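Data block below; observations after.
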Amino acid sequence: MVLDNPKSVGHQYHMNMNLLRLARLLLQERWRKIGNEQSWPARLSACLVLLVGAGLLISTANRALANIPADTISVAASRLVTAWVLAGVLVGKDLTWHTRLERLTFFPLGFLPLYSLALALGFLSFPLLLVLSVIEAAFLPKRAGWLSAPAVLLGFCIIVCYVRLSVSLIRTALYRHNALTPIVRVLLSIVIALIAVALLGSNFDTGPAGLLPGHLYGPVLLGVGPLQNLALMSVPVILLATADYLVQRQVVYSGVAGPSASRTRKSKSRFLLFHPSPSATLRRISLLGWIRHRNALVALIWGTGYGFTYMYLAKPDRSIYFMAFSWMCFVFHAYLRGNLLGVDNRAVWFYYVSPLPIDTVIRAKNSSLSGLQLVMVGAVLLPALLRRTPGMTTPIEWAGVISFALCGAVLGEILGSVFSVLHPQPIDRSSMYSGGTTPGALLVPLIQTISLAILVLLGALARYSLGTLPTFILFALAPVSLWVIRAAVLRGWVRQRMWRRRESIMRKLMGS
Amino acid sequence: MEPAVIVDGVTKTYGKKKALNGLSFEVSPGSIYGLIGPNGAGKTTALSILSGLVRPTAGSATILGIDVVPDSRELVSSIGFCSPQFGLFDYLKGREILLACALMHGLPAREAENRARDLFDLLDLEQAAGHFVYEYSQGMRQKLGLACAFIHAPAVLLLDEPFVALDSASVYRVVLTLRRMASSGRTVLLSSHDLALVQRVCNRVGILSDGVLKHETDLVSLSDSTTATRPHGSTGESSLESLLWEVVGAPDIKELSWI
């Protein structure tokens, strides 16, 4: 038989057709999954809003880029790529579509074709295509030569691969290191060390930093030496792809479904039994859930460690730095805040048969997440409290930052409750990339950012035009008024909506 | 005596599909009632409606005189619900989930601990109690679900496929526990495809098909010698199985020519 001989043309054709069939199946499944989570008017309006946003961005970029020198574009591109990798590592969203390879090994195809298919399908992501269109259109007037357009496209694909593979390797080390053999673990550590050096290197403008893919993409965007730059950009991507292929192959065939579990039998149970009461139990269970959610934990560690270290070493002298870092802490968890029930997945029914009012679930999840965020904010403020920074010396500065932090947390709770009830979506915790595509994931941080920016502006205006006392009052009133809204309106609304929408919530989260 | 569970003309539609069509039945207190029927007959929907998880399109139901309506704390405190369709928290440990159930039902800490220990012992889950749920096998998840339904000693148990994936020793223990609960005045309403077990454990059964209760009978009156239509001359089915086939139609056996 022709099909029995792996080297025959017939066999290759059969395998290629199988890959195409599998790609079609995966696309169908994804389309239906999105359909289950969001109605078509919701999808259509989201697309329209994003397209309008992209159009505005293109026209702004066109004007802004007209007089910017090539070096500046290279440095900016390099730093953007670094931010993209960091965001991908911290929240698991690198804008590409991640198909779960362990689900595909069922099909009669080798791992290499499956891995390649997953990598290729990664590009079929709406946000990614939108970014590409913005880049292509924004650099249109600057192009020189016939190679520019395909070079920009190819360069973008290389950048996407670089980001995706870096994120994949780092997150595999964080999530699935228990699935790897010691030798592969050592090799992975070396690769991650190189990625870390590259990420740190993007802070420099010259020297070896000029060889980083992001930096090399700058000239490609301007049509300067496209072939040479693309070739140089490909080298690290090929190395990363080889490493990722080997690592993922081991992970997929290891059969390990999640991070290794500790075997302690009673320690966490005691945590629940300490001063037990029904609502306290729910809060503690929620806190345990967040701490055991790797994304929440990684963000907590990063936010605490980076926030403290930066403030301690950089010694900023203005309170706006503290506010900016506090904002960063809120944004890290924003996609979890906007989809509080997502991590519960198929267990969401449990809340409906528990004897506590249903809104207490959302409150418990919100308050425990706020607790984590305020720990991060505390770490940001600690150097100022220890008098290690020249800034934050006056009471009004402290009032501003504390008001900012409290407003951020309470506003996050209000927005989180609304979006979690209206737009829940399952987060598969056995996947390294699941979650983060709900409307809440985008809109909670956006509204939070705009509102907090307004607070900062109002604070500055009040301080310079009205004096210190009115500014104090403003800073005190802002979180209190949000608190009142939360207490007076939100509780009843959440309770009513969660009951009214219970079948829809369960259908979305349980997939049935 | 007032029935513990009253289901009155409950209808549930999903789009054009009628999952339940005017379902009515009653369950006496201290009895074990089994709902049987083919896949898609509406058993899970009926139990989900009774637990308050799903809103009926029409009709009503009461449990111990409490209306089955959303957000009824009284109802939730009176029932224990378990279904393999519904998941548990993957990243909590078995002991944590069980203790949380007990504490949320207002049990004191010591009592919660004692009951959790007893249930883990009963269901042979002691070794797994400290493991995350995502590490559990299907049978272990089912046992933990049952333990959560039992821990606050509810007056009415609603169990959807309680024996699915359980090993025979666990089935034996669960059956004994259910009988003990019924003899102490508690009511059990369960659905199952394991007809031999239903016949062993239930006092009364209702046969559901296409969302309609086609037949109801006391199992004591159902004699083992019942002879019913047997498909294609097969033998060995129990009296309940024969009754089921009589009510919903005997299954055809289709030949697969390519096997």
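The values are calculated or read from the model by the stated rules, or taken from the named source; none is laboratory data. Values in this document were obtained by computation on a predicted structure and should not be read as measured data. Cβ placement follows ideal geometry from the backbone for every residue including glycine, while neighbour counts extend to all protein chains displayed. Surface accessibility is based on the protein's heavy atoms, side chains included, excluding ligands, DNA and RNA. Shrake-Rupley method; radii C 1.70, N 1.55, O 1.52, S 1.80 Å.
Annotations for the structure displayed:
- Hits in segment A:76-108 - residues which are buried (at least 19 other Cβ atoms within 10 Å of the Cβ) and over 24 Å from the mean Cα position of the chain (by Cα): A:104
- Residue match in segment A:235-256 (condition: within 30 Å of residue A:111 (Cα to Cα), aliphatic (A, V, I, L, M) and at pLDDT below 85): yes
- Just one residue in the set B:107, B:98, B:123, B:103 is at the interface with another protein chain (Cβ under 10 Å from one of its Cβ atoms), more than 25 Å from residue B:45 (Cβ to Cβ), touching a residue at least 12 places away in the same chain (Cβ under 8 Å) and crowded, with 23+ Cβ neighbours inside 10 Å; that residue is B:98.
This table checks each residue for (1) over 13 Å from residue B:35 (Cβ atoms); (2) at pLDDT 95 or above.
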| site | (1), (2) |
| --- | --- |
| B:191 | no, yes |
| B:194 | no, no |
| B:210 | yes, no |
| B:226 | yes, no |
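- Residue A:360 fulfils the conditions (1) hydroxyl-bearing (Ser, Thr, Tyr); (2) farther than 30 Å from residue A:178 by Cα; (3) touching a Lys or Arg at 6+ places or on another chain (Cβ under 8 Å) except for a single criterion, (3).
- Here residue A:30 qualifies as open to solvent by 70 Å² or more (accessible area, probe 1.4 Å), within 27 Å of residue A:130 (Cβ to Cβ), touching a residue at least 60 places away in the same chain (Cβ under 8 Å) and assigned to a helix (DSSP H, G or I).
Okay, residues lined up against (1) within 10 Å of chain A (Cβ to nearest Cβ); (2) open to solvent by 20 Å² or more (accessible area, probe 1.4 Å):
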{"site": "B:3", "(1), (2)": "no, yes"}
{"site": "B:6", "(1), (2)": "no, yes"}
{"site": "B:32", "(1), (2)": "no, no"}
{"site": "B:43", "(1), (2)": "no, no"}
{"site": "B:49", "(1), (2)": "no, no"}
{"site": "B:75", "(1), (2)": "yes, no"}
{"site": "B:92", "(1), (2)": "yes, no"}
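- In segment B:15-30, residue nearest to residue B:207 (Cα to Cα) [restricted to those that are in contact with a helix residue (DSSP H, G or I) (Cβ under 7 Å, 6 or more places away or on another chain) and crowded, with 18+ Cβ neighbours inside 10 Å]: B:23
Residues checked against (1) at pLDDT below 85; (2) out of contact with any strand residue (DSSP E or B) (no Cβ under 9 Å at 6 or more places or on another chain); (3) of a type in the set (A, V, I, L, M):
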position: A:22; (1), (2), (3): no, yes, yes
position: A:34; (1), (2), (3): yes, yes, yes
position: A:53; (1), (2), (3): yes, yes, no
position: A:58; (1), (2), (3): yes, yes, yes
position: A:63; (1), (2), (3): yes, yes, no
position: A:72; (1), (2), (3): no, yes, no
position: A:75; (1), (2), (3): no, yes, yes
position: A:80; (1), (2), (3): no, yes, yes
position: A:94; (1), (2), (3): no, yes, no
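- Top-ranked residue in segment A:476-498 [being open to solvent by less than 50 Å² (accessible area, probe 1.4 Å) and under 16 Å from residue A:422 (Cβ atoms); ranked as nearest to the other protein chains (Cβ to nearest Cβ)]: A:498
- Residue B:235 meets the conditions (1) open to solvent by 10 Å² or more (accessible area, probe 1.4 Å); (2) at pLDDT 95 or above in every case but one. The failed one is (2).
- Within segment B:91-133, being on the phi > 0 side of the Ramachandran plot and more than 22 Å from the chain's Cα centre (by Cα) holds for one residue alone: B:106.
- All conditions in (1) closer than 30 Å to residue A:37 by Cβ; (2) of a type outside the set (D, E, K, R); (3) assigned to a loop (DSSP other than H, G, I, E, B) hold for residue A:390, with the sole exception of (1).
- Restricting attention to segment A:218-231 and to residues that are surrounded by 17 or more Cβ atoms within 10 Å (Cβ to Cβ) and modelled with pLDDT of 90 or more, the residue that is farthest from residue A:176 (Cα to Cα) turns out to be A:229.
- Residue in segment B:56-67 that is over 28 Å from residue B:173 (Cβ atoms), aliphatic (A, V, I, L, M) and in contact with a strand residue (DSSP E or B) (Cβ under 7 Å, 6 or more places away or on another chain) present: yes
- If you go through segment A:499-508 and keep only what is within 9 Å of another protein chain (Cβ to nearest Cβ) and either of a type in the set (A, V, I, L, M, F, W, C) or open to solvent by less than 50 Å² (accessible area, probe 1.4 Å) (or both), you end up with A:499, A:502, A:503, A:506.
- Counting only helices (runs of 4 or more DSSP H) that fall entirely inside segment A:146-264 and contain at least 3 residues that are free of Cβ contacts under 8 Å to residues at least 40 places away in the same chain, the qualifying elements are A:148-175, A:182-201, A:226-252.
Residues are listed down the side, and each one gets a yes or a no for (1) among the hydrophobic types (A, V, I, L, M, F, W, C); (2) over 23 Å from residue A:499 (Cα atoms); (3) modelled with pLDDT of 95 or more:
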{"position": "B:5", "(1), (2), (3)": "yes, no, yes"}
{"position": "B:19", "(1), (2), (3)": "yes, no, no"}
{"position": "B:26", "(1), (2), (3)": "no, yes, yes"}
{"position": "B:35", "(1), (2), (3)": "yes, yes, yes"}
{"position": "B:53", "(1), (2), (3)": "yes, no, no"}
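- Selection count, segment A:476-500, where residues are of a type in the set (Lys, Arg) and over 30 Å from the mean Cα position of the chain (by Cα): 1
- Answer from A:130, A:124, A:117 - the residue that is surrounded by fewer than 18 Cβ atoms within 10 Å (Cβ to Cβ) and either touching a Ser or Thr at 6+ places or on another chain (Cβ under 6 Å) or part of a helix (DSSP H, G or I) (or both): A:130
- Residue check, residue B:59 open to solvent by 10 Å² or more (accessible area, probe 1.4 Å) and either within 11 Å of chain A (Cβ to nearest Cβ) or among the aromatic types (Phe, Trp, Tyr) (or both): no
- Remark: residue B:131 matches the filter, which requires a residue to be without any contact (Cβ under 8 Å) to a residue 40 or more places away in the chain and either open to solvent by less than 30 Å² (accessible area, probe 1.4 Å) or not β-branched (Val, Ile, Thr) (or both).
- Selection status of residue A:403, over 23 Å from residue B:91 (Cα atoms), among the small types (Gly, Ala, Ser), crowded, with 22+ Cβ neighbours inside 10 Å and over 21 Å from the mean Cα position of the chain (by Cα): yes
- Flag for residue A:473 being open to solvent by 50 Å² or more (accessible area, probe 1.4 Å), under 18 Å from the mean Cα position of the chain (by Cα) and more than 18 Å from residue A:92 (Cβ to Cβ): no
- Counted as qualifying within segment B:32-82 are the strands (runs of 3 or more DSSP E) with 3 or more residues that are closer than 22 Å to residue B:219 by Cβ, namely B:32-36.
- Counting only helices (runs of 4 or more DSSP H) that sit completely within segment A:271-349, those holding 3 or more residues that are within 11 Å of chain B (Cβ to nearest Cβ), among the hydrophobic types (A, V, I, L, M, F, W, C) and closer than 16 Å to residue A:371 by Cβ correspond to A:278-291.
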